[in-house]
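Let me begin by presenting the structure, written as C-alpha cells, before commenting on it.
The values are calculated or read from the model by the stated rules, or taken from the named source; none is laboratory data. Remember, predicted model here, so these are calculated numbers, not experimental data. Reconstructed Cβ throughout: ideal geometry from the backbone, glycine too, with neighbour counts over all protein chains shown.
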Amino acid sequence: MNIWEANVVSTAYTPHVCTPQGQYRCEGTECGDIDDSNPNSRYEGVCDKDGCDFAPYRLGDTSFFGPGANFTVDTSRKFTIVTQFITADGTDTSDLSEIRRIFIQDGKTFENPTVSIGGKTFSSITDDFCDTEKEEFGDVNSFSKNGGLKAMGESLDRGMVFVMSLWDDHYVSNCGTFCDEMLHDRFIFSFHQANKNLDIFHSLLQLTCALINFRQICSGSMLLILWVQLNQVPFVDLAPLTQAFRRKCGRKYLAPM
C-alpha cells in the first residue's frame, strides 16, 4: 500500500495487491522480476506491479498540488495528509470498499479533488474508479485481477510494516511500455491522420525511446516537445503527443509540460 508517493510537484496514493496470503517464497518473474524478452512478464508475477493510483495531475487537475500560492495545496509550506480506509458497512470486519485522501494546511481541510474519467466522477479510490481508470488509459487491470480493494483490506488486516524510501524506478513510471504502445498501429494511425507526416513522427518516437537508456524519459519527453516547437517541425497538432506523455510519463512524477 503506497500511502504517499510524491515530490514537490506531484502526489499519488496507490494500493497494490498480491494473490498469496502471508509470507510467500518465489523467484524470477513470479516474484516480480521483469524479463525484457517477454513483454507480458510485468503481469505474470503474484503481485500487481502497477497498482491503482489516484494522481490529481495525471487525472486532469493541474492546479491542486504544487509549489506556490496558486495551488490549492502549496507544497512550499508545511501540510498534513490523512488517509482513510472505508469499509462496505463501516465496521472493522467488513470488506475494504474505499480509500480517501484529505489534505490539511493552515488549519483548512482540502478534500481530494474530484476528477472526471470515462464519463464518471471520482474523488477517492474505489473498485469502480480503478476499473474506469484502467480502461480510460488502456492499462492492464492487474489490480482487479489480483483481488482489488477486498484483497487490499485483507492484507491490511494481516498487518504491514511502515517503510519510507527515496527512489527513481524506470519500470514503475511505465515509460518503457509507453514506447511499445506508441508504436502500436492504432497510435501510429491516429497521429498520421492528425499530422500527415508519419516519417517525422517515427523519428521523434525513436529519439524519445532512446532517452529511456538514460532513465530520464519523462524529462526527455519535455525536451523533445520543446525541440519540436523550436525547430518548427511541421506537426499540425502537438496536443495528442503532449497528452500521451502526460498520461504515461506523468504516472508517478507528473512533471508539468
Legend entry - The listed residue being β-branched (V, I, T) and without any contact (Cβ under 8 Å) to a residue 60 or more places away in the chain, out of T87, T62, T80: T80
Legend entry - When residues of the range 77-120 are limited to those that are of a type in the set (D, E) and outside any strand (DSSP E or B), the one farthest from T14 (Cα to Cα): D106
Inset, instruction - All but one of (1) at pLDDT below 90; (2) polar (S, T, N, Q); (3) under 22 Å from G107 (Cα atoms) hold for T72, so report the exception by its number. - result: (1)
Legend entry - Count of residues meeting criterion [surrounded by 12 or more Cβ atoms within 10 Å (Cβ to Cβ), within 21 Å of the chain's Cα centre (by Cα) and either hydrophobic (A, V, I, L, M, F, W, C) or more than 15 Å from I81 (Cα to Cα) (or both)] in the range 1-32: 11
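In the range 152-166, which residue that is touching a residue at least 24 places away in the same chain (Cβ under 8 Å) and of a type in the set (A, V, I, L, M, F, W, C) is surrounded by the most Cβ atoms within 10 Å (Cβ to Cβ)?
M152
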Inset, instruction - Determine, yes or no, whether D128 is surrounded by fewer than 17 Cβ atoms within 10 Å (Cβ to Cβ) and either more than 16 Å from D53 (Cα to Cα) or aliphatic (A, V, I, L, M) (or both). - result: no
Legend entry - Selection status of K134, more than 28 Å from T93 (Cα to Cα) and in a helix (DSSP H, G or I): yes
